[in-house]
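Structure first, then comments.
The values are calculated or read from the model by the stated rules, or taken from the named source; none is laboratory data. As the structure is a prediction and not an experimental result, all values here were calculated from the model. Quick reminder, even Gly has a Cβ in these numbers, built from the backbone with ideal geometry, and neighbours come from all protein chains shown. These area figures cover heavy atoms from the full protein model, side chains too; ligands, DNA and RNA do not enter into them. Shrake-Rupley method; radii C 1.70, N 1.55, O 1.52, S 1.80 Å.
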Amino acid sequence: MNLTLLVVGERNYEKILQELEKDFILDCEDFNVVFLTGKAKKVKIKTNISFQILEFKNTSENEMLEYAFANLKLKNVLVFKESYTNFKPVEANKMLEKLAKKNFDLIVSKQNKKTNFATKIFKNLSNFFVKLFTGCSVYKGEADIMFLSDFAVSIVKQSPNKSAKYLKLNNFSGINEENSTISVQQKNKKHFNFKNFKLCMFLYFFLLAMITCNICLACLNVNVKTIFQIIFILLELAVFGIAFFATIKFLIFAKFGKLNFINEGVLAQTIVKGEDDGQQNN
């Protein structure tokens, strides 16, 4: 099998390559590894595995993957996302064993999480709004590892700048799909960008001021014509609707990133396997 492992995020490259040499079910000549990272470390690794490290500047996970699918010669692909923090070949082996029994075009991992009632309600609500705003369904569970066949990869390649819709949301149709259960991963803390949330906060404060004004006018028995009262209430509802829409949109972007149009990552340097160690190409 011509398989490429796309491993996203800051990683211990040497440890991952050693574990793959030791425990991965495929022989070294049957696959290669591409690390996608925002911060590459100097490497001096002796391994039989063909690998390269692509370092990007100020680039999100979506943008790095967009670059990989647009510019690398990919056929069958295993994507290990940043959320897959505890890298173990055994999880990938399970997916490949399923593939050996039946030819699937897509295998999506699921973390085996125990969720309470409140969490289930929140997930169902968030999935509803994702469907409403993007037109796509969310994978049930964290899609930390994904196998894409040559056919599935070709679908992604034919949709330039929209790879995140396939790699984060369930936007595939008419292909053979399977799910796989993996161990629960330790969560990486995401930086919450309050700068983009300022509009939402302003609208909520403005709405609060309008409601307070409305209450004060009612309590003071101010003689305001009914028509102006109706207009004022409708304006309050409009501000609430805009604020609610902006909040949901912000939360979707915070979780999944921008989905409608993904720019390619800006590549800073490529580190490839040399004869004895990693050598750097700018």
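Summary table
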quantity: Mean accessible surface per residue for the range 1-150, computed with a 1.4 Å probe while every protein chain stays in place, in Å²; calculated: 51
quantity: Charge tally in the Cβ shell below 14 Å around Y67, where Lys, Arg are +1 and Asp, Glu are -1, Y67 excluded; calculated: -1
quantity: Filter on K46/K88; K98/K157; K101/K123; K44/K168; K15/K162; K57/K157 - keep pairs with C-alpha separation over 30 Å; calculated: K101/K123; K44/K168; K15/K162
quantity: Neighbour net charge for I25 - beta-carbon separation under 14 angstrom, K R +1, D E -1; calculated: -3
quantity: Order by protection proxy (mean Cβ within 10 Å, highest first), peptides 88-100, 72-84, 198-210; calculated: 72-84, 88-100, 198-210
quantity: Sites N116 and L26 - FRET efficiency at Förster radius 25 Å, r taken between beta-carbons, to 0.05; calculated: 0.05
